[in-house]
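Visitor: I'd like to ask you about the structure that follows.
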Amino acid sequence: MKQHISLLAALAAAAALTACGRQQDDELAAAPRQDHSAVADAEMSASHAADRTAQLTGDMAITAKVNAALVADDQLKATQINVDTRAGQVTLAGEAPDAKARERATTLAAAVDGVKQVSNQLAVNPRNG
């Protein structure tokens, strides 16, 4: 009987050691996946940041080009027009001297490369003409 108990104890100990070894193997096998996941997350974040930077840079370039077009136009007072660009959508705010100049601002902004849409929020103020 003592031999059976000793044998059972030895088998139980062997099973426990085997289970611990498997757990360690599983943890080691999972570690590279976790590291890979962290690397993938970091790559995705970096890619997103690069895309966002490119978009902001593009929007800044569009704003500069629209401002330049407005300044070059003698019908508009570009200093009274605020240009804001987000994702290629240009918003014009401020004042125009008349309805014709207001529409001209939309036409000039829409002609700039990269502009997807123009929201003209200019108010007509004849005193500024």
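The values are calculated or read from the model by the stated rules, or taken from the named source; none is laboratory data. Since this is a predicted model, take the numbers as computed values, not measurements. Cβ: placed from backbone, ideal geometry, glycine included. Neighbour counts: every protein chain shown.
Visitor: Of the residues V124, V112, V90, only one is among the β-branched types (V, I, T) and over 25 Å from G58 (Cβ atoms); which?
Guide: Values: V112 fails: over 25 Å from G58 (Cβ atoms); V90 fails: over 25 Å from G58 (Cβ atoms).
The unique qualifying residue is V124.
Visitor: Contact list please: Cβ distance under 6 Å, first residue in segment 84-102 and under 23 Å from D74 (Cβ atoms), second residue basic (K, R), pairs at least six apart or on different chains.
Guide: From segment 84-102, the pairs are A96/R102.
Visitor: Quick check on segment 88-104: of everything there that is in contact with a Gly (Cβ under 9 Å, 6 or more places away or on another chain) and of a type in the set (A, V, I, L, M), which residue is surrounded by the most Cβ atoms within 10 Å (Cβ to Cβ)?
Guide: Of everything passing the filter in segment 88-104, A96 is surrounded by the most Cβ atoms within 10 Å (Cβ to Cβ).
Visitor: Got a number for residues in segment 79-129 being part of a helix (DSSP H, G or I) and either under 32 Å from the mean Cα position of the chain (by Cα) or modelled with pLDDT of 90 or more (or both)? Working first, answer last.
Guide: So the first thing to find is which residues in segment 79-129 are part of a helix (DSSP H, G or I), and the list is 79-80, 99-110, 126-128.
After this cut, where a residue has to be either under 32 Å from the mean Cα position of the chain (by Cα) or modelled with pLDDT of 90 or more (or both) as well, the list is 79-80, 99-110.
Total satisfying the criteria: 14.
Visitor: Given the conditions (1) in a helix (DSSP H, G or I); (2) over 27 Å from the mean Cα position of the chain (by Cα), and given that T63 satisfies all but one, which numbered condition is not satisfied?
Guide: Condition not satisfied by T63: (2).
Visitor: Among the residues of segment 73-87, what is the count of those that are of a type in the set (D, E, K, R) and surrounded by 14 or more Cβ atoms within 10 Å (Cβ to Cβ)?
Guide: In the first step, residues of segment 73-87 are kept if they are of a type in the set (D, E, K, R); the result is 73-74, 77, 84, 86.
Checking which are surrounded by 14 or more Cβ atoms within 10 Å (Cβ to Cβ) leaves us with 73, 77, 84.
Of the residues in that region, 3 qualify.
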